[in-house]
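Following: one structure in structure tokens, then a few remarks.
The values are calculated or read from the model by the stated rules, or taken from the named source; none is laboratory data. Remember, it's a predicted structure, so these values are computed and weren't measured experimentally. Heads up, the Cβs are rebuilt from the backbone with ideal geometry, glycines too, and the neighbour counts pull from every protein chain shown.
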């Protein structure tokens, strides 16, 4: 049995792209209201998008999920507090200010304790097979998504894919993450290059790394910088190559594709 049963789901984002108007995008009234509020994880896709995310994590063996939210997200707490989940225990960690993904992970330190845990974005739907593959290796790990597989099996357009962090590995271990790589770097890496979609497994060592970094150029504490710090401090971060796709719900234009992909998938929390 895997020791990976805890997940931290980053659902605190401001939803800036989702709030932006989308020309030619048709949403239901409920979906438009969720988009205007910027709470991407609660976008109605039959039921809230986050329900689909959590159900898939439960399929992968996760039994406890902590949602990192802001103090203003009482609606999220009310929704999950009223559910009677059978497979998951759902808890919360509060990130007081939206100071970036590393700060969001750090907000979960007290609830996670000394356990190894999964970290995923609340606006991405990851395949259970990916989580199981990460659970099968020891220590810290990240999912390295093959670019060609993401284009084939997810909802991410090629132009956006080029902006994701490029994974540099040697002997199955992370060497570096290159954020927003230059076009020529992406092209040189080829279609089988690995990219990060912020799907990680961490030991509690990540919390010290999150505390050690400074803000990025955009003023946020980034999980990519914390992972680099982890490696610089001598920790091994294994890279698990995966062939799965990811359903990404970043903007209004993504809703139709995600809705189509999830339409017939059962949800069980």
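Take the residues of segment 76-101 that are under 20 Å from the mean Cα position of the chain (by Cα) and assigned to a helix (DSSP H, G or I): which is surrounded by the fewest Cβ atoms within 10 Å (Cβ to Cβ)? Reasoning before the result, please.
Taking segment 76-101 first, the residues under 20 Å from the mean Cα position of the chain (by Cα) are 76-77, 80, 88-101.
Filter once more, keeping what is assigned to a helix (DSSP H, G or I): 76-77, 80, 101.
Working: 76: 21, 77: 16, 80: 21, 101: 24.
Restricting to residues being under 20 Å from the mean Cα position of the chain (by Cα) and assigned to a helix (DSSP H, G or I), the top hit is 77.
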Residue within segment 6-28 that is within 25 Å of residue 117 (Cα to Cα), modelled with pLDDT of 90 or more and over 15 Å from the mean Cα position of the chain (by Cα) present: no
Residues of segment 59-75 that turn out to be surrounded by fewer than 21 Cβ atoms within 10 Å (Cβ to Cβ) and either out of contact with any strand residue (DSSP E or B) (no Cβ under 7 Å at 6 or more places or on another chain) or farther than 28 Å from residue 3 by Cβ (or both), as a count: 7
Positions within segment 188-221 being within 17 Å of residue 95 (Cα to Cα), in contact with a helix residue (DSSP H, G or I) (Cβ under 6 Å, 6 or more places away or on another chain) and at pLDDT below 95, in sequence order: none
Condition broken by residue 231, with the remaining ones in (1) in contact with a strand residue (DSSP E or B) (Cβ under 9 Å, 6 or more places away or on another chain); (2) farther than 29 Å from residue 45 by Cβ; (3) outside any helix (DSSP H, G or I) satisfied: (3)
Evaluation of residue 223 against (1) surrounded by 14 or more Cβ atoms within 10 Å (Cβ to Cβ); (2) free of Cβ contacts under 8 Å to residues at least 60 places away in the same chain; (3) closer than 26 Å to residue 127 by Cβ (one fails), failing number: (2)
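Taking segment 156-174 as the region of interest, how many residues are assigned to a strand (DSSP E or B) and either surrounded by fewer than 13 Cβ atoms within 10 Å (Cβ to Cβ) or touching a residue at least 60 places away in the same chain (Cβ under 8 Å) (or both)?
At the first step, the residues of segment 156-174 found to be assigned to a strand (DSSP E or B) are 166-170, 173-174.
With the extra rule that they be either surrounded by fewer than 13 Cβ atoms within 10 Å (Cβ to Cβ) or touching a residue at least 60 places away in the same chain (Cβ under 8 Å) (or both), the set shrinks to 167, 169-170, 173-174.
The total comes to 5.
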Qualifying residue in segment 229-238 (condition: buried (at least 21 other Cβ atoms within 10 Å of the Cβ) and within 22 Å of residue 156 (Cβ to Cβ)): no
Scan of segment 113-131 for residues that are in a helix (DSSP H, G or I) and over 14 Å from residue 63 (Cβ atoms), ordered by number: 129, 130
